[in-house]
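Structure first, then comments.
The values are calculated or read from the model by the stated rules, or taken from the named source; none is laboratory data. Being a predicted model, the structure only gives us computed values, none of them experimental. Quick reminder, even Gly has a Cβ in these numbers, built from the backbone with ideal geometry, and neighbours come from all protein chains shown. Calculation scope for accessible area: heavy atoms of the full protein, side chains included, ligands and nucleic acids excluded. Shrake-Rupley method; radii C 1.70, N 1.55, O 1.52, S 1.80 Å.
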Amino acid sequence: MKIPFLDLKRQLKGALRKEIDGAIAEVLDSGSLVGGRYLQAFEQEFASYCGTLHAAGTGNGMDALYLALLALEIGSGDEVIVPAHTFIATWLAVSRTGATPVAVDVRADTGSIDERLIEQAVTEKTKAIIVVHLYGFIPDMQAIAAIAQQCGLYLIEDAAQSHGALYMGQRAGSLGTIAAFSFYPTKNLGALGDGGMVTTNDDKLAEKIYVLRDYGRSSRSEHIARGVNSRLDPLQANILRRKLHHLDHTNSRRKEIAGRYHQALEVLQHPGIRPLIGIGKNSVWHHFVVIAENRQAFIEKMSAAGIGTDIHYPVPPFRQPCYAKEFSRLDGWPVTDGLAAKVVSLPIGDYLDDEEVGYICQRLKECKDI
């Protein structure tokens, strides 16, 4: 059996494909190709889903985070606390404003920012904390929010991997000052190209985002800010409206698959192969990540069985060439370095059938020799 790590073609077949075709035709027939009612409808529906007052579509997820920072007036001379283990876009959005990303190591049991280390990273220049809901998992937002409030900091959610995730009854995107989502095609809620969204309950911040994403324009001919062009395409918005209706169902299927992987790893009882995140955690399983002490052997074992894997993320941002000058000290984030050397992601998605999931589980149980 051959099971690729990701198969977007299968994900977009069947009844969903018919809905998407209909959504595309609707926009094309309307002639409304920038902004307009389809974008507004999706923004309203997504805000309602997340439990926020506002949602503003953007061109992509990194722009969403960048615009959120701009709306908070974060820039040159400021510092923003970020997790050391994350996709580099989190850091790049901060750098793009002129501010400095300040790395905090992560927890070994989740890969998310270690809330116990945040306060010691705060300086008089710190303006915000970005919490990444990595792999679909929401960390201890209650503790982090308390730190943010105590230190007078904005709390920003990088929710690019956590569409639909719940924390104490609230959805990702409603847990901080402002939040940024990505609709990259591989996400739990993915478009057919790039796309992003900013959510917030703050009226003034929302208005700033609406202006900044559209050339800083307050009316057709008046530009009150030096903005950018980063608007979510109505074609993508109308597709995402259809997919949003299925999100809870697809997330439920991901949780089911994650539960079966956990059971298989419990049967394996191999100390060198274990799940990063426990099944009872607040996750929508954007990725199912395994810690493999001998990663190469594990990958080869899966590959020999026809099972695709991926690594998220093998090179931390502070070890990337683009940050070499700022981060010459490379011994301060040991947990991140350890995870970067051991994480492996298994296939997970609602399109996987029970036979395929069972096959992967069986192969996991056979990893005793690694």
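Selection of first residues in segment 311-326 that are of a type in the set (S, T, N, Q) and of second residues that are open to solvent by less than 50 Å² (accessible area, probe 1.4 Å) and outside any helix (DSSP H, G or I), restricted to Cβ pairs under 7 Å at least 6 apart or on distinct chains, gives the following pairs, ordered by first then second residue: GLN320/ILE88.
Does ALA206 satisfy the criteria of being touching a strand residue (DSSP E or B) at 6+ places or on another chain (Cβ under 8 Å), over 27 Å from VAL27 (Cβ atoms), of a type outside the set (Lys, Arg) and assigned to a helix (DSSP H, G or I)? Taking the combined requirement at face value, the residue does not satisfy it.
Whether a residue is surrounded by 16 or more Cβ atoms within 10 Å (Cβ to Cβ), in contact (Cβ under 8 Å) with a residue 40 or more places away in the chain and assigned to a loop (DSSP other than H, G, I, E, B) was assessed, and GLY349 passes this test. Checked against (1) of a type outside the set (A, V, I, L, M, F, W, C); (2) modelled with pLDDT under 95; (3) in contact with a helix residue (DSSP H, G or I) (Cβ under 7 Å, 6 or more places away or on another chain), GLY31 passes all but a single condition, namely (3).
Contact map, segment 26-43: residues that are under 17 Å from ARG213 (Cβ atoms) paired with residues that are of a type in the set (Ser, Thr, Tyr) and at pLDDT below 95, Cβ distance under 7 Å, separation 6+ or inter-chain. Pairs shown: TYR38/SER32.
Could you check segment 233-283 and list, in sequence order, the residues that are among the β-branched types (Val, Ile, Thr), open to solvent by 60 Å² or more (accessible area, probe 1.4 Å) and in a loop (DSSP other than H, G, I, E, B)?
If the condition is that a residue be among the β-branched types (Val, Ile, Thr), open to solvent by 60 Å² or more (accessible area, probe 1.4 Å) and in a loop (DSSP other than H, G, I, E, B), then ILE279 is the only one that fits.
Checking each residue in segment 84-121 for being open to solvent by 20 Å² or more (accessible area, probe 1.4 Å) and part of a loop (DSSP other than H, G, I, E, B) picks out PHE87, ILE88, GLY98, ARG107, ALA108, ASP109.
Condition first: under 16 Å from ASP109 (Cα atoms), outside any loop (DSSP other than H, G, I, E, B), open to solvent by 70 Å² or more (accessible area, probe 1.4 Å) and not charged (D, E, K, R). Can you find one or more residues in segment 326-335 that meet it? Scanning segment 326-335 turns up at least one residue that is under 16 Å from ASP109 (Cα atoms), outside any loop (DSSP other than H, G, I, E, B), open to solvent by 70 Å² or more (accessible area, probe 1.4 Å) and not charged (D, E, K, R).
Residues are listed down the side, and each one gets a yes or a no for (1) in a loop (DSSP other than H, G, I, E, B); (2) more than 28 Å from GLY75 (Cβ to Cβ); (3) in contact (Cβ under 8 Å) with a residue 60 or more places away in the chain:
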| site | (1), (2), (3) |
| --- | --- |
| THR123 | yes, no, no |
| ILE129 | no, no, no |
| GLN142 | no, yes, no |
| ILE147 | no, no, no |
| ILE156 | no, no, yes |
| GLN161 | yes, no, yes |
| SER174 | yes, no, yes |
| ALA180 | no, no, yes |
| LYS187 | yes, yes, yes |
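When GLN362, GLN320, GLN296 are checked against the criterion of being touching a Phe, Trp or Tyr at 6+ places or on another chain (Cβ under 9 Å), surrounded by fewer than 19 Cβ atoms within 10 Å (Cβ to Cβ) and of a type outside the set (Phe, Trp, Tyr), a single residue qualifies: GLN320.
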